[in-house]
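Have a look at the structure below, then the notes.
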Number of protein chains: 2
Amino acid sequence: MKDLFGSPGKVSGLVLRMGQCFFAAASLGVMASASGFSTATAFCYLIASMGLQLLWSFGLACFDVHALRLKRDLHNHIFVSLFVVGDWVTATLSLAASCSSAGVIVLLIKDTTICRTETKLSCDMFQISVGLAFVSWFLLAISSYVMFLLAASA
Amino acid sequence: MKDLFGSPGKVSGLVLRMGQCFFAAASLGVMASASGFSTATAFCYLIASMGLQLLWSFGLACFDVHALRLKRDLHNHIFVSLFVVGDWVTATLSLAASCSSAGVIVLLIKDTTICRTETKLSCDMFQISVGLAFVSWFLLAISSYVMFLLAASA
């Protein structure tokens with residue numbers, strides 16, 4: 001099995017996982033503290049999806065720390081198969097949540113005047129949250145890609 | 001290079017490409033004929049994305065027909081690398097377009113009463129179009145996965 005950038009049990013893998021955790025938590029926090037997020041199902045779905053991504057990435061970050069401390073090799077076929085499925089499912093859900101929220105935001109801000117007339121909606125915070133969610137998805141996509149390469153070359 | 005289901009230059013690959021073309025064209029046609037689609041940027045983006053997917057899948061279907069007729073082998077590294085990048089970019093754009101449109105539709109139908117009050121919006125046709133777009137994306141995702149496996153095992 002190749003030893004790639006961002007593979008499990010390496011410092012680069014741990015940094016990627018911590019980045020995913022940080023941006024997912026930030027996106028979740030900003031969206032949950034924005035007033036009126038519950039008016040759109042897409043925003044609630046974004047919170048759920050970022051929560052799932054936070055749990056998944058945090059779990060794998062702990063696993064990486066464990067492997068780094070004990071200098072264990074995580075490149076076995078069962079671990080990598082489990083990681084690749086989990087990573088792809090989480091990445092697809094995160095992209096779906098980010099895009100559906102982005103679609104709703106464009107409708108609220110650009111296509112209609114809802115954001116200008118309804119002052120109780122924190123449209124700026126919705127935008128920041130979706131931006132953070134896209135960054136988090138991008139980092140997860142890098143991890144998924146590396147996992148897939150590892151699984152395919154195993 | 002492995003000989004997988006749905007790989008380029010095989011009948012299963014051609015069937016997948018034709019399915020992608022059919023569902024992308026149907027989604028595009030239904031959305032373009034729905035009244036009031038231009039009110040949401042997400043719906044216009046869905047049309048553009050389905051148009052791109054239609055062109056891409058049609059091009060590759062022609063390529064498959066050519067390879068099947070002349071019994072040529074398309075499993076060389078340059079072709080597969082080109083296909084894998086194109087497939088992943090198109091699949092990501094299609095998923096993004098489908099999800100953003102789905103987010104907008106849920107907002108129009110469930111979260112607000114816009115679909116009930118604005119009778120000039122064809123909300124049923126929006127839903128059918130997004131459903132077809134998801135089927136098209138799913139078929140493209142299968143092709144992308146097979147291409148990635150081929151490229152990784154090359």
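The values are calculated or read from the model by the stated rules, or taken from the named source; none is laboratory data. Note that this is a predicted model, so its numbers are computed, not measured. For neighbour counting, all protein chains shown are included, and Cβ atoms are generated from backbone atoms with ideal geometry for every residue, glycine included. To get the accessible areas, we keep the full protein, side chains included, count just its heavy atoms, and leave off ligands, DNA and RNA. Shrake-Rupley method; radii C 1.70, N 1.55, O 1.52, S 1.80 Å.
In table form, for the structure just shown:
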{"read-out": "Dipole in debye (nearest 20) - the protein assembly as shown, about Cα centre, beta carbon charges: Lys, Arg +1; Asp, Glu -1", "value": "340 debye"}
{"read-out": "A:C62-B:K71 FRET efficiency (beta carbon distance; Förster radius 51 Å; 0.05 resolution)", "value": "0.45"}
{"read-out": "FRET E, pair A:S81, B:M18, Förster distance 35 Å, beta-carbon r, rounded to 0.05", "value": "0.65"}
{"read-out": "With DNA, RNA and ligands ignored, accessible area of A:D64 (1.4 Å probe; Å², nearest 10)", "value": "10 Å²"}
{"read-out": "Per-selection Kirkwood Rh - the stretch B:42-87 (Cα, Å, 1 d.p.)", "value": "12.0 Å"}
{"read-out": "Sequence-separation-based contact order of the stretch A:11-153, relative, with Cα cut under 8 Å and 6+ spacing, percent", "value": "41 percent"}
{"read-out": "Translational diffusion coefficient (Stokes-Einstein; Kirkwood radius from C-alpha pairs) of the protein assembly as shown at 25 °C, 0.890 mPa s, in µm²/s", "value": "118 µm²/s"}
{"read-out": "Under Karplus coefficients 6.51, -1.76 and 1.60, residue-wise ³J(HN,Hα) of the stretch B:110-122 in Hz, glycine/proline x", "value": "9, 7, 10, 9, 4, 5, 7, 7, 8, 6, 6, 8, 8"}
{"read-out": "³J(HN,Hα) computed for each position of the stretch A:40-56 - Karplus, 6.51 cos²θ - 1.76 cosθ + 1.60, integer Hz, glycine/proline x", "value": "10, 4, 4, 5, 5, 5, 4, 4, 4, 5, 5, x, 4, 5, 4, 4, 4"}
{"read-out": "Those Cys residues of chain A for which no other cysteine Cβ falls under 4.7 Å", "value": "A:C21, A:C44, A:C62"}
{"read-out": "Rg/Rh (Cα only; Kirkwood hydrodynamic radius) as it applies to the stretch A:11-153", "value": "1.08"}
{"read-out": "Carbon/sulfur fraction of accessible area - chain B, other protein chains in place, 1.4 Å, %", "value": "73 percent"}
{"read-out": "Partner aspartates and glutamates for A:K10 [C-alpha distance under 13 Å; skip if fewer than 8 residues away on the same chain]", "value": "A:D64, A:D73"}
{"read-out": "D (Stokes-Einstein, µm²/s), Kirkwood Cα radius, the stretch B:1-94, 0.692 mPa s at 37 °C", "value": "230 µm²/s"}
{"read-out": "Net lengthening on full extension, A:V89/A:T119 (0.36 nm per residue, minus Cα-Cα)", "value": "7.2 nm"}
